[in-house]
Amino acid sequence: MALLKEGDTAPAFDVPNQKNIPTTLAKFQGQHVVLWWYPKADTPG
């Protein structure tokens, strides 16, 4: 998958939220959404 650029439409996704409850992008349709993650947070070192 190509990297997104500013202004691109995000692809549909399904991920657990901070309470481990499945969440989809579609639940936020029509709203502004900010995604924040730490790609190495679950890795050793």
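The values are calculated or read from the model by the stated rules, or taken from the named source; none is laboratory data. Because the structure is predicted, anything quoted here is derived from the model rather than measured. Please note: Cβ atoms are built from the backbone with ideal geometry, for glycine as well, and neighbour counts cover all protein chains shown.
Only residues that are in a loop (DSSP other than H, G, I, E, B) and at pLDDT below 90 were counted across region 13-28, and they come to 3. Taking the criterion of being surrounded by 10 or more Cβ atoms within 10 Å (Cβ to Cβ) and in contact with a Leu (Cβ under 7 Å, 6 or more places away or on another chain), the only residue of region 11-45 that qualifies is Phe13. Within region 29-41, is there a residue that is within 12 Å of the chain's Cα centre (by Cα), polar (S, T, N, Q) and part of a loop (DSSP other than H, G, I, E, B)? So far as region 29-41 goes, no, none of its residues is within 12 Å of the chain's Cα centre (by Cα), polar (S, T, N, Q) and part of a loop (DSSP other than H, G, I, E, B).
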